[in-house]
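Asks: Here it is, the structure, as C-alpha cells.
The values are calculated or read from the model by the stated rules, or taken from the named source; none is laboratory data. Note that the coordinates shown come from a computational prediction; the quantities given were computed from them, not determined experimentally. Every residue, glycine as well, gets a Cβ built from its backbone with ideal geometry; the counts of neighbours run over all protein chains shown.
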Amino acid sequence: MTLPDDGGLPFPRPQDLRDAIEHLRSRWAWFVGFGVLCALFGVAALALVGTATIAFVYLIALFMIVVGGTEIVVGVNSHLWSSRFLLVLIGLLYVVTGSFALANPLTGAAAFTLLLGASLFATGLVRIYFGVKLPHGPSGFVILAGAITTLLGMFILFGWPQNSPFILGLLLGVDLLFYGCAWIGFGLMLRSD
C-alpha cells in the first residue's frame, strides 16, 4: 500500500514511527520548551490558585456563550419547528448560564465545582462497575482507577462549597504541571536516542 501524494508538505511524509521520531529528533528543544512553558503555567496556577479558578470560570463561561450563540443561529435556521424550538432553547440556556458565570464568577466556580465532583463520583462508580465485569487481567487497574476517581469526586463533594474558590485552579495547575513534565520527558527522550 502506498501513501498518497504529500500534497505540497514542506517535509517528507514518514513511512513508519521510527522515521517520524527521527524527523522530530532535531526539534527536541521545541518540545522541551513547550513542556517548560506548560509546567510554568501549572506552577503559576498552583501559586495563584484562586486567580486560576476565576480565570478558568471566565474561560468556561465564554465558551458556553459562544456555543449557545451558535446553537441559537443553528436553531433559527433549522427547517423543522420542533428542532428550531429545542435548539434555540438549549442555546438560550447556554448563553444565560455563561452570562451568569461571567457576572458571578465565585458562584459559577461553586456550580462548576459541584458539577465536577458529581461527574467524577459517577464516572468512578461506572469504572468500578465495568472493572468488575471485565476479565481478571485488566480489571484490577480499571477498578483502581474507578476507586481513585470516586474518592476524588467524594473529596470534592464533601468539601463543597468551601473548596469552590480553589479546586478548579488546583486541578488546572496539577494538570498543566504534569502535562508540561510529559512534554519535557518526550523532548529529552528524543534528544537522548
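Asks: When the residues of the stretch 27-48 are filtered to those that are surrounded by 19 or more Cβ atoms within 10 Å (Cβ to Cβ) and in contact with a Phe, Trp or Tyr (Cβ under 7 Å, 6 or more places away or on another chain), which remaining residue is nearest to Pro165 (Cα to Cα)?
Replies: Here is the first cut: in the stretch 27-48, the ones surrounded by 19 or more Cβ atoms within 10 Å (Cβ to Cβ) are 31-32, 35, 38-39, 42, 45.
Narrowing further to those that are in contact with a Phe, Trp or Tyr (Cβ under 7 Å, 6 or more places away or on another chain): 31, 35, 38.
On the way: Phe31: 33, Gly35: 27, Cys38: 22 Å.
Ranking the qualifying residues of the stretch 27-48, first place goes to Cys38.
Asks: Aliphatic (A, V, I, L, M), part of a helix (DSSP H, G or I) and buried (at least 19 other Cβ atoms within 10 Å of the Cβ): which single residue out of Ala145, Ala110 fits that description? Can you show your working first?
Replies: On the way: Ala145 fails: buried (at least 19 other Cβ atoms within 10 Å of the Cβ).
Result: Ala110 is the single residue among Ala145, Ala110 that is aliphatic (A, V, I, L, M), part of a helix (DSSP H, G or I) and buried (at least 19 other Cβ atoms within 10 Å of the Cβ).
Asks: For the stretch 154-173, give me the residue count where each residue is in contact with a helix residue (DSSP H, G or I) (Cβ under 7 Å, 6 or more places away or on another chain) and in a helix (DSSP H, G or I).
Replies: Looking only at that region, the number is 12.
Every residue, every condition in (1) over 19 Å from the mean Cα position of the chain (by Cα); (2) among the polar types (S, T, N, Q), yes or no:
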residue	(1), (2)
Asn77	yes, yes
Leu86	yes, no
Gly98	no, no
Thr107	yes, yes
Gly117	no, no
Phe121	no, no
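Asks: Inspect all residues belonging to the stretch 176-193 and state whether any of them is in a helix (DSSP H, G or I) and acidic (Asp, Glu).
Replies: If we filter the stretch 176-193 for residues that are in a helix (DSSP H, G or I), which is where we start, we get 176-192.
From what's left, acidic (Asp, Glu): none.
Within the stretch 176-193, not a single residue is in a helix (DSSP H, G or I) and acidic (Asp, Glu).
Asks: On the given criteria, is Leu171 out of contact with any strand residue (DSSP E or B) (no Cβ under 7 Å at 6 or more places or on another chain) and at pLDDT below 90?
Replies: Details: out of contact with any strand residue (DSSP E or B) (no Cβ under 7 Å at 6 or more places or on another chain): yes; at pLDDT below 90: yes.
Yes.
Asks: Something else about it: For Ala52, work out the one condition from (1) assigned to a helix (DSSP H, G or I); (2) of a type outside the set (Val, Ile, Thr); (3) free of Cβ contacts under 8 Å to residues at least 60 places away in the same chain it doesn't fulfil.
Replies: Failing condition for Ala52: (3).
Asks: Right, next: Take the residues in the stretch 150-193 that are of a type in the set (Gly, Ala, Ser) and surrounded by fewer than 16 Cβ atoms within 10 Å (Cβ to Cβ), then tell me which one is farthest from Ala110 (Cα to Cα). Working first, answer last.
Replies: Step one: filter the stretch 150-193 for residues of a type in the set (Gly, Ala, Ser), giving 153, 159, 164, 169, 173, 180, 182, 185, 187, 192.
If we keep only those that are surrounded by fewer than 16 Cβ atoms within 10 Å (Cβ to Cβ) as well, we get 159, 182, 185, 192.
Working: Gly159: 11, Ala182: 30, Gly185: 35, Ser192: 45 Å.
The selected residue is Ser192.
Asks: Same structure again: Does at least one position in the stretch 61-71 carry a residue that is at pLDDT 90 or above, of a type in the set (S, T, N, Q) and surrounded by 16 or more Cβ atoms within 10 Å (Cβ to Cβ)? Talk me through it step by step, then tell me what you get.
Replies: Initially, the stretch 61-71 is screened for residues at pLDDT 90 or above, giving 61-71.
Filter once more, so that each one left must be of a type in the set (S, T, N, Q): 70.
From the residues that got through so far, the ones that are surrounded by 16 or more Cβ atoms within 10 Å (Cβ to Cβ) too are none.
No, there is no match, as no residue in the stretch 61-71 is at pLDDT 90 or above, of a type in the set (S, T, N, Q) and surrounded by 16 or more Cβ atoms within 10 Å (Cβ to Cβ).
Asks: Name the residues in the stretch 35-82 that are among the small types (Gly, Ala, Ser) and touching a helix residue (DSSP H, G or I) at 6+ places or on another chain (Cβ under 7 Å), would you? Before you say what the answer is, go through the steps one by one.
Replies: Going through the stretch 35-82, the residues among the small types (Gly, Ala, Ser) turn out to be 35, 39, 42, 44-45, 47, 50, 52, 55, 61, 68-69, 75, 78, 82.
Residues satisfying the conditions are Gly35, Ala39, Gly42, Ala45, Gly50, Ala52, Ala61, Gly68, Gly69, Gly75, Ser78.
Asks: Cβ-Cβ under 7 Å, sequence separation 6+ or interchain: first residue in the stretch 170-191 and of a type in the set (Ser, Thr, Tyr), partner part of a helix (DSSP H, G or I). Which pairs?
Replies: Here the result reads Tyr179/Cys38, each pair linking the stretch 170-191 to a residue that is part of a helix (DSSP H, G or I).
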